[in-house]
Amino acid sequence: MDLSQRLGTSFECECGRAHQIPVRRFLYDGSAVDSLPQIIRESCGPVRRVAVVADVRTWEVCGAKTLNALATARLDTTRIIVPDRGSRGPMCDDGTHQSLLDRLRGVRPDVVAAVGSGVINDLSKWSSFELGIPYLVVATAASMNGYSAANVAPTIAGVKMLIRARAPLAVIAEPSIIERAPREMTTAGFGDVIAKHQSNADWLVNRRLFDEYYCGFCAGIVGDIEHLYLDHPEDIRDSKPDAVKALFEALFGTGLAMTLVGTSAPASGGEHLLSHTLDMMAEVRGESHDLHGRQVGIGTLLSAALYQRVLAAENPTARDLPAAVDDNFWAVPSVVAAIKEQYNAKRQCLTPARETLGKTNEWDTLREKLSTEVKSPQVIRDWLQRAGGAVYYADIGCSRERIRAAILHMHEIRKRFSVVDLAWLAGVLPGAVDELIDEWLSENCSSTMPC
């Protein structure tokens with residue numbers, strides 16, 4: 001299906017649902033910013049006042065150009081710069097959100113134009129949703145798949161959450177800006193988009209064990225263009241235009257899949273938990289962390305290694321998850337309370353899963369379905385290496401102790417079932433954690449594939 005012909009429409013899907021696509025325009029073109037005033041008027045109707053939201057970096061990259069294009073079209077514009085957090089960039093958390101919300105209330109815009117990538121997009125999406133006004137995004141990097149998603153992934157009271165908001169009416173980007181983005185951001189986008197192979201497997205697990213809704217169209221939404229960046233991942237490393245364009249389109253497509261489904265299932269599974277856990281550990285300890293997609297890339301490698309071990313098991317005896325959350329590890333009472341709520345909800349749903357996994361035929365059926373979906377850790381590592389992405393825990397500023405702690409606690413933070421939980425039930429974790437780190441995540445790895 002050609003998504004460009006379906007934007008702003010609804011259609012009946014083979015999954016049995018009618019999908020409504022709220023995004024009305026997607027433009028990846030050298031004159032995209034100049035087209036923004038017309039896109040706003042076509043998508044939002046009569047508009048008088050536009051708030052342009054950026055940070056200090058994205059303002060220099062494209063914010064000023066965006067505001068000038070709007071002002072030239074005789075729209076009343078206001079610039080809002082989201083401040084850095086100390087020595088780090090802005091953060092999508094409850095405090096920053098409240099500050100932006102207050103500033104937008106003072107401006108009273110008819111529409112918000114976000115200029116940036118992950119944090120700026122999420123903050124603008126979240127705030128505009130609460131104000132009941134539309135927003136559009138001018139992307140500055142192919143760094144993550146949240147542009148077209150209705151979800152927001154903020155940190156609230158120290159805990160990484162996933163909340164529902166509203167997708168943008170338009171996503172636009174200029175190729176020259178996306179291609180010139182820092183390589184780390186582009187490879188972060190690569191890490192985020194290859195996660196879909198593992199997250200789709202997690203989605204199938206939830207379908208099989210808990211009868212969760214599944215949509216084949218959304219699961220395969222970018223299948224037709226994957227070859228443009230996966231056949232030659234080094235083209236991502238080298239910022240070749242066709243590969244970067246395909247990557248940006250894939251990020252748009254996987255984000256849209258999450259919007260159509262109403263959850264993050266098509267693009268986020270156990271592999272994302274590693275990134276979220278590292279973020280939360282950094283927040284609790286006052287430390288820094290790497291880009292989301294770079295951490296997700298390593299999480300995808302870990303997920304592939306976990307699936308390899310789990311699927312090699314013959315009729316495993318379904319064990320139980322640890323009885324409780326590690327309070328001392330998370331330290332902050334509000335964080336501990338929020339995690340316990342998620343973890344206890346998951347544990348209450350495990351009985352049917354353990355019963356199903358205990359049936360020989362069911363396990364074999366599940367293994368067969370998953371084996372056609374997941375990629376091997378050898379393939380994932382090859383993709384990441386050739387694309388110039390983060391591959392080992394040292395690449396994302398982690399010590400062995402830190403990555404080990406994250407792996408052993410990442411199952412605690414979300415109620416949704418993933419390969420991480422499957423690995424605990426199958427007896428792969430916690431016992432194999434050191435072997436997995438040595439084999440796949442260490443620069444001195446012992447795998448037979450080249451390190």
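The values are calculated or read from the model by the stated rules, or taken from the named source; none is laboratory data. Everything numeric in this text was worked out from a predicted model, so none of it was measured. Cβ atoms come from the backbone with ideal geometry, glycine included; neighbour counts cover every protein chain shown. With ligands, DNA and RNA removed, areas are computed over all heavy atoms of the protein, side chains included. Shrake-Rupley method; radii C 1.70, N 1.55, O 1.52, S 1.80 Å.
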Practice problem: Using a 1.4 angstrom probe on heavy atoms only, work out the carbon and sulfur share of the accessible area of the stretch 373-451 in %. | Solution: 48 percent
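Any idea of the accessible area per residue across the chain, 1.4 Å probe, to the nearest Å²?
Details: 17580 Å² over 451 residues.
Per-residue accessible area for the chain comes out at 39 Å².
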Quiz item: Which of the peptides 83-92, 252-261 is most tightly packed, and how do the rest follow, judged by the mean count of other Cβ atoms within 10 Å per residue?
Solution: 252-261, 83-92
Exercise. Note down the Stokes-Einstein diffusion coefficient of the stretch 250-305 in µm²/s, whole number, using a Kirkwood radius over alpha carbon pairs, 4 °C, and 1.567 mPa s.
Key: 107 µm²/s
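Averaged over every viewing direction, what's the projected area of the C-alpha convex hull for the stretch 389-428? Give it in nm², one decimal, please. It would help to have the intermediate numbers written out before the result.
Details: hull surface 14.2 nm².
Over every viewing direction, the Cα hull of the stretch 389-428 projects on average to 3.6 nm².
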Quiz item: What accessible area, in Å² to the nearest ten, does a 1.4 Å probe give for E184?
Solution: 100 Å²
Quiz item: In what sequence, largest accessible area first, do V82, V379, V107 appear using a 1.4 Å probe?
Solution: V379, V107, V82
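For the stretch 333-451, divide the Cα radius of gyration by the Kirkwood radius and give the resulting Rg/Rh value with two decimals.
Working: Rg = 16.6 Å, Rh = 16.5 Å.
Here the Rg-to-Rh quotient is 1.01.
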Exercise. Taking the chain as the reference, fit the longest principal axis to its C-alpha atoms, fit the long axis of helix 270-285 to the helix C-alpha atoms, and give the angle between the two in degrees, 0 to 90, nearest 10.
Key: 80 degrees
Practice problem: Mind putting together the pair-distance distribution for the stretch 174-289? All Cα pairs, 5 Å bins, whole percent per bin, short to long. | Solution: 2, 11, 19, 19, 17, 15, 10, 5, 1, 0
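May I ask what percent, to the nearest 5, of DSSP beta bridges between residues of the chain are antiparallel? All intermediate terms of the calculation are to be shown ahead of the outcome.
Numbers: 8 of 30 bridges.
Percentage antiparallel, nearest 5: 25.
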Quiz item: Does the stretch 201-267 come out rounded, prolate or oblate by the C-alpha gyration tensor, with a ≥ b ≥ c the root eigenvalues, rounded set by a/c under 1.5 and, if not, prolate when a/b is larger than b/c and oblate if not?
Solution: prolate
Self-check item: For S35, solvent-accessible area (1.4 Å; no DNA, RNA or ligand), Å²
Solution: 30 Å²
Exercise. Could you order Y392, Y213, Y307 by accessible surface area, starting with the largest, using a probe radius of 1.4 Å?
Key: Y213, Y392, Y307
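Which of the three applies to the stretch 13-58, rounded, prolate or oblate, going by the alpha-carbon gyration tensor with a ≥ b ≥ c and a/c under 1.5 meaning rounded?
On the way: a/c = 2.14, a/b = 1.82, b/c = 1.17.
Prolate.
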Exercise. State which entries of K125/K369; K65/K160; K160/K369; K160/K245; K65/K245 exceed 26 angstrom in Cα-Cα distance in the structure shown.
Key: K125/K369; K65/K160; K160/K369; K160/K245
Quiz item: For the stretch 175-189 and the stretch 1-39, what is the separation of their C-alpha centers, rounded to whole Å?
Solution: 23 Å
Quiz prompt | Mean ellipticity per residue at 222 nm, deg cm²/dmol - from DSSP H runs of n ≥ 4 across the chain, formula -39500 (n - 2.57) | solution = -14500 deg cm²/dmol
Practice problem: Just read off the accessible area of K415 with the full protein assembly in place, 1.4 Å probe, to the nearest 10 Å². | Solution: 120 Å²
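Using only the C-alpha atoms of the stretch 1-119, find the volume of their convex hull and express it per residue in Å³. Present the calculation step by step, with values, prior to reporting the outcome.
Working: hull volume 17.3 nm³, N = 119.
With only Cα atoms used, the stretch 1-119 gives 145 Å³ per residue.
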Self-check item: Protection-proxy order for peptides 11-19, 24-32, each taking the mean of Cβ atoms within 10 Å per residue, highest first
Solution: 24-32, 11-19
Quiz item: Does anyone have the angle between helix 292-311 and the longest principal axis of the chain? Alpha-carbon axes, 0 to 90°, nearest 10?
Solution: 30 degrees
Self-check item: Distance from the stretch 68-143 to the stretch 330-390 (C-alpha centre basis), Å
Solution: 34 Å
Quiz item: Remind me, relative contact order of the stretch 347-441 in percent, using alpha carbon pairs under 8 angstrom and six or more residues apart?
Solution: 24 percent
Quiz item: Semi-axes of the equivalent ellipsoid of the chain: what are they in whole Å, largest first, if each equals the square root of 5 times a C-alpha gyration tensor eigenvalue?
Solution: 36, 23, 22
Quiz prompt | Within the stretch 1-99, percent of DSSP bridges classed antiparallel, to nearest 5 | solution = 40 percent
Exercise. Could you pull out every one of the aspartates and glutamates with an alpha carbon less than 20 Å from that of K415, ignoring same-chain neighbours closer than 8 positions?
Key: D202, D211, E212, E271, D279, D320, D326, D327, E341, E355
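Can you tell me what share of the DSSP beta bridges in the stretch 112-241 is antiparallel? A percent to the nearest 5 is fine.
Details: 4 of 11 bridges.
Just about 35 percent of them are antiparallel.
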